[in-house]
Amino acid sequence: MHSLMKYNIGIFQCPLCKSNLDVEEEYIICRENGHRFDIIDDIPIMFTEGGGEYADKIVIKVKKFYEENPFPNYDDTDNPSSLINKAEASVFAKLLNDGLPFNIKILEVGCGTGQLSNYLSLANRRVFGIDISLNSLFLANNFKRDNSLKNVSFYQMNLFKPIFKDESFDAIICNGVLHHTHEAYEGMNIITKLLKNRGFLIIGLYNRYGRLFTKLRKPIFRLTGNRLHVLDPYLSRTDLTDVKKNAWFLDQYHNPHETTHSFGEVLEWFSKSGIEFISSIPVFGNIAYLDEDYDIFLKKSSGSVFSRFITQIAMPFITNKEGGFFVMIGRKNS
Ligand SMILES: C[S@@+](CC[C@H](N)C(=O)[O-])C[C@H]1O[C@@H](n2cnc3c(N)ncnc32)[C@H](O)[C@@H]1O
């Protein structure tokens, strides 16, 4: 049980006192102060509060929401080959899979129901998925177990109270998570510490301008009793089950806490945290460009204030179906 954690125990720490850990059959214990964490259904329960009163208030609210509405959820028929097909249809997951080397350690922060972690582990990488929602992690772990995936493991953790030591990972992915916390920059700063020097940071956030139509649709759904789904391009898709559409609808329109951010803001965060900008989706100054040859780990220009602005105001019209989402990739230099 928990062989991946045992095998990599050197990268783990107690989220309360940062001391080393021992993995027992049914629990995990910290060596210095005896803090004990249960293991339920193969998932170490290592979520702790302690980020401050406001931070904890948000994390409890968001946790409750995702315990009730695991995201993005699975279809009943999902298996490794359908997981690959769906992941590759999203282009982003395929670009990650194509660009990330084998035999590296990846942390997915806020992995939700674990699709990306499970997918990336198929290519012989050690993937660690963490989330605050235990119900999401159960779904992630069921998929892993049912399909005998050996290189991925899941942990309940609050990103503000890490269970990993500094400089443990070659790549950290945090997609759609930081904007559901009390302070996205502080969250990014904390997870950046877990990255090795020259490691890649991949973060996905809601864009201030790109999210315009989603914000406009919110009151319309409220006034029409959650009808008029045809207004949301994702909800109009015919290739998705109702389970997944419902998870999307709640995530987009009933989330208890979300913030939005701009390209310039994240560039500033990167520079304050010792992260070199590498690339973005959408591409600054060329929003229409994204194909399977785009190497997201190859350094691109960060554009000008003007080109970034134009890209952002075009987002609601061109990338609207992703809910105004953008991704920025950086490399740690410290
Ligand atoms: C919109 S979902 C994104 C899930 C997945 N990354 C994806 O792209 O499909 C946001 C996830 O962030 C998790 N989350 C929110 N705040 C968190 C925190 N403080 N620490 C860890 N995970 C958090 C939620 O539980 C939820 O599963």
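Each value in this text was obtained by applying a stated rule to the coordinates, not by laboratory testing. Predicted model only: the values in this text are computed from it and were never measured. For neighbour counting, all protein chains shown are included, and Cβ atoms are generated from backbone atoms with ideal geometry for every residue, glycine included.
Residues whose amide H lies under 5 Å from that of Asn175, counting only those 5 or more places away or on a different chain, are Val109, Gly204; hydrogens are built 1.01 Å from N in the peptide plane.
Tell me the net charge near Thr224. Cut-off is 12 Å between Cβ atoms, Thr224 excluded, with +1 for each Lys or Arg and -1 for each Asp or Glu.
Details: positive: Arg217, Lys218, Arg222, Arg227; negative: none.
Every neighbour counted, the sum reads +4.
When only Cα pairs below 8 angstrom with a gap of at least 6 residues are kept, the chain shows a relative contact order of 18 percent. Beyond 29 Å between alpha-carbons counts as too far, so tell me which of Lys105/Lys144; Lys161/Lys272; Lys63/Lys165; Lys150/Lys299 fall in that bin. Flagged as over cut-off: Lys150/Lys299. Helix 212-223 and the longest principal axis of the Cα set of the chain meet at an angle near 90°. In order along the stretch 183-189, the Karplus-derived 3J(HN,Hα) couplings, from 6.51 cos²θ - 1.76 cosθ + 1.60 at θ = phi - 60°, round to 7, 4, 5, 4, x, 4, 4 Hz, and Gly and Pro are given as x.
Residues considered: Glu186, Glu167, Glu32. Largest GNM mean-square fluctuation over the chain, using C-alpha springs under 10 Å, is found at Glu32.
Here the Karplus curve 6.51 cos²θ - 1.76 cosθ + 1.60, taken at θ = phi - 60°, turns the phi angles of the stretch 116-124 into couplings of 5, 4, 4, 5, 5, 6, 5, 9, 6 Hz, with x standing for Gly and Pro. Taking a ≥ b ≥ c as the square roots of the eigenvalues of the Cα gyration tensor, the stretch 43-206 is oblate, since a/c reaches 1.5 or more and a/b is not larger than b/c. Between the helical axis of 134-146 and the longest alpha-carbon principal axis of the chain there is an angle of about 80 degrees. Between rounded, prolate and oblate, where does the stretch 233-334 land on the alpha carbon gyration tensor, with a ≥ b ≥ c its root eigenvalues, rounded for a/c under 1.5, else prolate if a/b exceeds b/c? Prolate. Between the amide H of Leu16 and any residue lying 5 or more places away or on another chain, no distance stays under 5 Å, with hydrogens modeled in the peptide plane. All other residues whose Cβ lies under 11 angstrom from that of Ile9 are scored, Lys and Arg at +1 and Asp and Glu at -1, for a net of +2.
For the stretch 212-253, what is the charge dipole size about the Cα centre, in debye to the nearest 20, if Lys and Arg each add +1 at the Cβ and Asp and Glu each add -1 at the Cβ?
On the way: 8 positive and 4 negative charges, 38 e Å.
That gives the stretch 212-253 a dipole magnitude of about 180 debye.
Loop only by DSSP, 13 or fewer other Cβ within 10 Å of the Cβ. Give me the trypsin sites (Lys or Arg not before Pro) in the stretch 214-288 that pass, ordered by residue number.
Working: sites: Lys215, Arg217, Arg222, Arg227, Arg237, Lys244, Lys245, Lys272; in loops: Arg227, Arg237.
Within the stretch 214-288, the qualifying trypsin sites (Lys or Arg not before Pro) (loop, at most 13 other Cβ atoms within 10 Å) are Arg227, Arg237.
Distant-in-sequence amide contacts of Arg125, defined by a placed amide H-H separation under 5 Å and a gap of 5 or more residues or a different chain, comprise Asn103. Helix 305-318 and the longest principal axis of the C-alpha atoms of the chain enclose an angle of approximately 80°. Evaluating 6.51 cos²θ - 1.76 cosθ + 1.60 at θ = phi - 60° for every residue in the stretch 26-42, the Karplus couplings come out as 10, 7, 10, 10, 8, 5, 7, 10, x, 4, 10, 10, 6, 10, 10, 6, 6 Hz, glycine and proline recorded as x. Among Ile130, Ile163, Ile313, the residue with the largest mean-square fluctuation in a Gaussian network model of the chain, with springs joining Cα atoms closer than 10 Å, is Ile313.
Summing charges over all other residues whose Cβ lies under 13 Å from the Cβ of Phe277, with Lys and Arg as +1 and Asp and Glu as -1, gives +3.
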